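A short worksheet on the structure shown next.
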Amino acid sequence: MPQIAQMSETFASQLFWLLLVFGILFFVIGKGMVPKVMDTVGLRDKQIADDLGAAQAARDAADAEEEAWRTRENANRASAQALVGEAKAKAQATTEARLAEVQAGLDARMADAEARIAAARDAAAGEIESVAADAAKDIVSRLAGVNVDQTAALGAVKKAMAHG
Amino acid sequence: MAADTAKVDPMHQFAIEPLFGSDWTFAGHNIAFTNSALWMLIAGICLWIFMIGGMKREVVPGRWQMAVETMTGFIDDLLEANMGKEGRKYVPYVFTLFMFILFANLLGLIPLPLAMAGVHAFTFTSHFTVTGVLAIMTFAIVLTVGFWKHGLHFFSLFVPHGTPPLMIPLIFVIELISFLFRPFSLGLRLFVAMMSGHVLLEVLSSFVIDAANAGPGYGVLIGGPSFILMIAICALELLVAGIQAYVFALLTSLYINDAEHLH
């Protein structure tokens, strides 16, 4: 087994060359090249992360824009609806006022007519009384030969009519 | 006989041969440039070339850059999953460790066409002098981080929560021993896995050669199935190469996590 047989004569050489080669590799490759390679990887990862972040930010901005647009649109719709409602209410109010005015005129004419009817009826009733009194006075004078004055006859008629 | 000369020594592939600089010394020790050192260098250069593909730094990565980023991301995720945010600062070490072992394991499996001339791939992770040093490095980091961050409080790592007071001395000793065994298990696991796979491949290949030398009948009956098994084990060894590198990195991250967070 040369590893043991040659150990004492080759150990110093093995140690020397191993430390020399490994030391150079450690400083040239381990300390010099590896950090640069890892930096490149880190740089790339960072760039990818940044790009993804930018994309996300743009997407968020678009979402916010859309949300704002939606809010604005809703506000516009609401104001339009308010305008329509107002116009509707105004028209209704005008119609109602007009209706009330017409109704009032109609009511006044109706009351007027009713008053006239009542007056006519009263007049007619008064006419009937005086006619009845004249008739009664005439009937009494013819039948009983008694002359009744106009007032008495009218009072009798009124009494009879109130009972009748 | 031909059978004697064709005899394959399955351990010969692990022999370290100085290529040049046999008389180089460093602090009184011989530091010859061996085949082991050569393959460390080759693994390092391959790793460096691989990493260059990741330095294009394009926002939309090509395949090569993607492969490099996948590997760094794999180690980053591993440390993140085991240690959380603090794991980041250990990425350079664990990444270098993982990739170095992975490249060593994979390169060692390459069947070079020059093998006949005696030039073959050398798997330096099949030497515990190498895996041991790597494990000791990890262990040194664990100790440094542990004592740096927690001071003597680091020893509470050896007393799990809810231990009855009576049991504390015993548990402490057991936990301490298991803790001190970590670098050995870490280093030996990789060394044994790599060595056993390569020995198995070498033994099977010697079956093929010896069976073929013994006659066509033996060659078909023994050499054929051995060869098919060898191919299957090569596939398995590719898997083992990846898994052992991963296990080394995973255990390193777990041990450093212990030092970082205690229990």
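For residue B:34, the residues whose amide H sits under 5 Å from its own are B:19, ignoring neighbours fewer than 5 places away on the same chain, with H placed 1.01 Å from N.
Taken along the Cα-to-beta-carbon direction at a fixed 7 Å, the label points for residue A:150 and residue A:81 span 8.0 nm. Roughly what angle does helix B:182-214 make with the longest principal axis of chain B, taking Cα atoms, 0 to 90 degrees, to the nearest 10? Roughly 10 degrees, rounded to the nearest 10. Averaged over peptide B:130-143, the number of partner chain Cβ atoms lying within 10 Å of each residue's Cβ comes to 2. Averaged over the residues of peptide B:90-100, the number of Cβ atoms from other protein chains lying within 10 Å of each residue's Cβ is 5.
Rounded to the nearest 10 degrees, the angle from helix A:150-163 to the longest Cα principal axis of chain A is 50 degrees. Working note: 222 nm ellipticity from helices only, DSSP H runs with n ≥ 4, each -39,500 (n - 2.57), summed and divided by the residues of the protein assembly as shown, gives -26500 deg cm²/dmol to the nearest 500. Farthest toward the positive end of the dipole of the stretch B:1-90, out of B:72, B:12, B:26, is the Cα of B:72, where the dipole comes from beta carbon charges about the Cα centre. Using Cβ point charges alone (K and R +1, D and E -1), the dipole size of chain B about the Cα centre works out to roughly 460 debye.
Among the residues of B:24-36, the average count of other protein chain beta-carbon atoms within 10 Å of the residue beta-carbon is 4. The Cβ shell under 14 Å around residue B:131 holds other residues with a net charge of +2, Lys and Arg each +1, Asp and Glu each -1.
Using a 10 angstrom cutoff on alpha carbons, build the Gaussian network for chain B and name the most mobile of B:12, B:150, B:29. The residue with the greatest mean-square fluctuation here is B:29.
In terms of the mean number of neighbouring beta-carbon atoms within 10 Å, the peptides B:160-173, B:48-61 order highest first as B:48-61, B:160-173. For the stretch B:2-261, go through all pairs of different Cα atoms, get the mean of 1/r, take its inverse, and jot down that Kirkwood value in Å. Result for the stretch B:2-261 stands at 21.2 Å. In the stretch B:43-121, Cα pairs under 8 Å separated by at least six residues give a relative contact order of 26 percent.
Could you tell me how far the Cα centroid of the stretch A:129-147 sits from the Cα centroid of the stretch B:123-187, in Å? Computed from Cα coordinates, the inter-centre distance equals 158 Å. Give the calculated FRET efficiency between residue A:111 and residue A:161 to the nearest 0.05, with a Förster radius of 41 Å applied to their Cβ-Cβ distance. For R0 = 41 Å, the calculated efficiency reads 0.90.
In the protein assembly as shown, taking the dipole from charged Cβ atoms about the Cα centre, the farthest positive-side position among A:75, B:82, B:143 is held by A:75.
The modelled label-to-label distance for the pair residue B:247/residue B:60, using points 7 Å beyond Cα in the direction of Cβ, is 4.3 nm.
No lab work stands behind these numbers, since they all come straight from the coordinates. Bear in mind the structure is a predicted one, so any value in this text is a computation, not a measurement. Here Cβ is always computed from backbone atoms with ideal geometry, including for glycine, and neighbour counts include all displayed protein chains.
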